[in-house]
Amino acid sequence: STIYLERNQSDEAHKILTATLSQVNVRHQSEVGLRIRWLLARAMSALGKHEAAEELMAAIVADRSHKQVSWLPLADLTASQAYMWLMHDKLALAEEWLSKSDLQVDGELTQEDNYGQLVHAHILIAQKRYLAAEKLLTNLRAAFPGGIRREPVLKLLLPLAIALFGQGKISQALRPLRQALRTAAEEGYIRPFLEQSADMVTLLVLVGQLEQVCQKIKRHIVLLLDAFGQSGIEIPTDTRSATSDLITAASITAREQEILRLVAQGLSNREISQRLIISVNTVKSHLRRMYLKLDVRNRAEAVTRAQELHLL
């Protein structure tokens with residue numbers, strides 16, 4: 001069932017788990033029963049049955065609170081519950097879980113809390129606190145190079161790529177993604193990619209177009225994009241000019257793009273600062289960085305170049 005889930009064959013996982021759970025001898029084995037129900041909740045979530053999945057997850061956490069289960073710590077279950085809320089766009093609930101935990105970005109990393117710290121990193125990304133997420137994930141990779149408890153190292157590499165990309169560190173973001181894709185292509189992993197933000201689509205296209213990747217990885221990128229509902233995107237290597245444009249466009253952050261739109265509307269630096277509730281100096285700093293990225297000298301050239309890159 002776990003293999004089916006990772007390969008995004010959630011229907012098959014659901015069938016196996018439902019059939020197995022119906023067996024009387026399994027229901028009376030608390031550890032096996034909890035494990036099956038936990039996987040079933042994940043399968044239901046993947047199938048879009050969010051309310052039912054959350055109800056089952058809540059029941060599992062409640063049952064675990066009254067049972068002694070050696071291999072499934074309550075902390076991991078509550079972290080898994082928080083992760084499910086995050087996948088269902090319920091950031092506030094996930095943040096509430098985090099506020100009740102003792103997890104810190106600079107805290108000591110242990111086997112007991114490494115899964116919780118991974119969920120912590122996902123919450124930081126959802127909050128757009130990309131630098132903090134990068135630091136936490138980098139520390140997790142250093143502490144657990146083979147992956148954390150019950151999760152392969154690929155589950156650390158994918159959010160790290162998103163955290164780096166969110167800071168405009170394009171080249172650095174592609175390195176962990178390339179490593180993750182090598183494993184994913186061999187094992188057929190799809191679901192872990194779908195659980196990342198929409199930036200993953202951009203990163204997958206960049207790898208497919210900018211990197212010298214083998215046909216097996218290219219085929220897997222196509223499968224992943226299709227799972228994201230982006231089956232029309234071309235993967236063959238682009239021309240040098242188009243590739244350069246793609247890198248430039250990807251380097252513009254969401255905040256910089258927001259400022260570009262206001263510049264295009266004719267707003268002054270002061271008006272932009274008032275609109276975005278930031279200082280004039282901060283606006284000027286953003287503009288200077290954009291001029292360097294776009295290779296332009298003034299506002300008019302920046303707007304023209306942004307239009308050419310389809311940023312406006």
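The values are calculated or read from the model by the stated rules, or taken from the named source; none is laboratory data. Computed from a predicted model, the values in this text were never measured in an experiment. Glycine gets a Cβ as well: all are built from the backbone with ideal geometry, and neighbour counts include every protein chain shown. With ligands, DNA and RNA removed, areas are computed over all heavy atoms of the protein, side chains included. Shrake-Rupley method; radii C 1.70, N 1.55, O 1.52, S 1.80 Å.
What's the angle, to the nearest 10 degrees (0 to 90), between helix 91-100's Cα axis and the longest principal axis of the chain?
The helix 91-100 is inclined about 70 degrees to the chain.
Quickly work out the R178-to-A62 label distance, labels modelled 7 Å from Cα along the C-beta direction, and quote it in nm with one decimal.
According to this spin-label approximation, the distance is 5.0 nm.
With every protein chain present, what accessible area does Y83 have (1.4 Å probe, heavy atoms only), rounded to the nearest 10 Å²?
30 Å²
What's the center-to-center distance, using Cα atoms, between the stretch 109-174 and the stretch 31-53 in Å?
Rounded to whole Å, the Cα centres lie 24 Å apart.
Sketch the reach of a paramagnetic label on A19 as a point 7 Å from Cα along Cα-to-Cβ, and name the residues of the stretch 35-61 whose backbone nitrogen lies under 18 Å away.
Residues 36-37, 39-41, 43-44 qualify, since their backbone N sits under 18 Å from the label point.
Which distance in nm do the two modelled labels at Q307 and D295 give, with both placed 7 Å along the Cα-to-Cβ direction?
2.0 nm
Working from Cα positions, state the angle (0 to 90°, nearest 10) between the long axis of helix 50-65 and the longest principal axis of the chain.
Here the helix axis deviates by roughly 50 degrees.
Taking 0.36 nm per residue of sequence separation and subtracting the Cα-Cα distance, how much length would be gained by fully extending the chain between A227 and V280, in nm to one decimal?
Stretched out fully, the A227 to V280 stretch lengthens by 14.8 nm.
Compute the angle between helix 154-166 and the longest alpha-carbon principal axis of the chain, please, reported from 0 to 90 degrees and rounded to the nearest 10.
Taking Cα atoms only, the helix is inclined about 20 degrees.
What is the gain in length, in nm to one decimal, between Q215 and D89 on full extension, counting 0.36 nm per residue of separation less the C-alpha to C-alpha distance? Before the final figure, lay out each step's value.
Numbers: separation 126, 0.36 × 126 = 45.36 nm, distance 3.48 nm.
Difference between extended and current length: 41.9 nm.
So what does H50 come to for accessible area, using a 1.4 Å probe and Å² rounded to 10?
The accessible area comes out at roughly 70 Å².
Can you compute the charge dipole magnitude of the stretch 259-312 about its Cα centre, using +1 on each Lys and Arg Cβ and -1 on each Asp and Glu Cβ, nothing else charged? Give it in debye, rounded to the nearest 20.
In total the dipole reaches around 180 debye.
State in Å² the accessible area per residue of the stretch 1-137; use a 1.4 Å probe, count heavy atoms of protein chains only, and round to the nearest integer.
On a per-residue basis, 51 Å².
Using a 1.4 angstrom probe on the protein heavy atoms only, line up F228, F193, F165 by accessible area, largest first.
Accessible-area ranking of F228, F193, F165, largest first: F228, F165, F193.
If each of V32 and V105 carries a label point 7 Å out from its Cα toward its Cβ, how far apart are those two points in nm?
4.5 nm
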